[in-house]
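Some notes on the structure that comes next.
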Amino acid sequence: MKHSFLLFSLIIFYSSSYGQTEERKIKTVLLNYVNGTSYNQPKLIEKAFYSEANLFLDNKEEELWIVPIKKYQSWYENKKQGEFNGRIGNVVSIDCHNTIATAKVEILLPNNNSRYIDLFLLKKIEHEWKIISKAATKDKTNSTVAADKILFIVSNAARYGASDIPTGNSFSELVNAYDTFKDAGFTVDFVSPKGGTIPLSYVKASDSLIMKYLYNSDFMYALKNTNKPNDIIPSNYKAVHYIGGGAAMFGVPENKAIQNIAMTIYEQHNGIISSVCHGTAGVVNLKTRDGEYLFKDKLVSGYPDSFEKKDAEYFTHFPFLIQKTLEDRGAVFKFSPRNNSHVEVDGNLISGQNYLSSKAVALKIIENLNNRKKSD
């Protein structure tokens, strides 16, 4: 097939309003469990579970350790209630069928470099969702980085501005960076201006990695349920990564909440700001505490203005030009000829030219973070 890229805005997520409502209720129950165990609040744990629920765990003595919910809840009763204990939980997926549901939650314990996966069975009892059982296992991923989190910044824009021309987030850039981070043991979260479902574009059906993630239910659930900016705790992340695609030009660059997240991670937590291709549009408005542009006198890469199809209709809807805006504001913009990977590293600012640079940018971020651990 001559044209291997399917250039369309792929929005494959849809469900009835009933299903969405039930999913939100289930997520609330799961968050009661997460917050109850993270902040030593046994009442929240009690609220999440059915009174006769059991937890199927393991320890050094028993391969299957059955813990009644009352006993599990008691583990948090003698601790300082409301105080964060270092336990970070994320809802990975929810699958709901009428009055039953399954769910997966990721638990990170940065203090001892551990990552656990919790699987839940839920039942709607007297019009209220309850967890009736939980099974947990320790992940065998690289535990030294399992609690290191990367925040992918994506866009909700499905059209070029006010036009009817479809666009989306580059699926290729998403999966190549995501797979690189996951393979190295990192945890990845997603945030968008509005939260929820994001449109996708550039789905290459002949690419085995792309197809692997297109059918990965946990990954696609995360793209269906991206976080809103006010869901994000900046101190939990080592880096932000702006994903490209035409959608990156809209909604993200002007979003103050996302700007604040990125700069808080960068300035207060010595985090990395990274981008690839049109994702570099997301950094054009970033300023440091002293009012200077983040990238002033720094090396930056992204999709060059000269590579844009200036006679194409989509181009007339661009709110600004990436390269020109960066250079006008003091950046040193670098790029290579078309169809080449190109990455620029300037301290904690890492950027790539195109989708071919996605993996290379991720590897530079990993290298940066690993070098810090060696020097500690």
Below 19 Å Cα-Cα, how many Lys pairs turn up in the range 251-346? Only count pairs eight or more apart in sequence, or on different chains, if you could. 11
Return the lysines within reach of Lys130: Cα separation strictly under 23 angstrom, same-chain partners fewer than 8 residues apart disregarded; answer none if there are no such residues. Lys25, Lys27, Lys43, Lys47, Lys70, Lys71, Lys104
Please name which of Val67, Ile131, Asn112 has its Cα lying farthest along the dipole of the range 44-142 towards the positive end, using unit charges on Cβ (Lys, Arg +1; Asp, Glu -1) and the Cα centre as origin. Asn112
Please list 193-204, 258-269 highest first by mean number of surrounding beta-carbon atoms within 10 Å per residue. 193-204, 258-269
What full-extension length gain, to one decimal in nm, is calculated for Glu62 and Asp164 as 0.36 nm per residue of separation minus the Cα-Cα distance? 30.8 nm
With Ser51 itself left out, Lys, Arg at +1 and Asp, Glu at -1 over residues whose Cβ is under 13 Å from its Cβ give +1
What does the highest-first list of 305-312, 149-156 look like by mean Cβ count within 10 Å? 149-156, 305-312
Using unit Cβ charges (K, R positive; D, E negative) and no other charged atoms, how large, in debye to the nearest 20, is the dipole of the chain about its Cα centre? 260 debye
Where does each of Glu46, Glu254 land when they are ordered by accessible area, with a 1.4 Å probe and the largest first? Glu254, Glu46
Matching label for the computed semi-axes √(5λ) of the Cα gyration tensor in Å, out of (i) 30, 26, 19; (ii) 39, 24, 18; (iii) 35, 23, 19, is (ii)
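The values are calculated or read from the model by the stated rules, or taken from the named source; none is laboratory data. Computed from a predicted structure; not experimentally measured. Backbone-built Cβ (ideal geometry, glycine too); neighbour counts: all protein chains shown. SASA here: full protein model, heavy atoms, side chains in, ligands and nucleic acids out. Shrake-Rupley method; radii C 1.70, N 1.55, O 1.52, S 1.80 Å.
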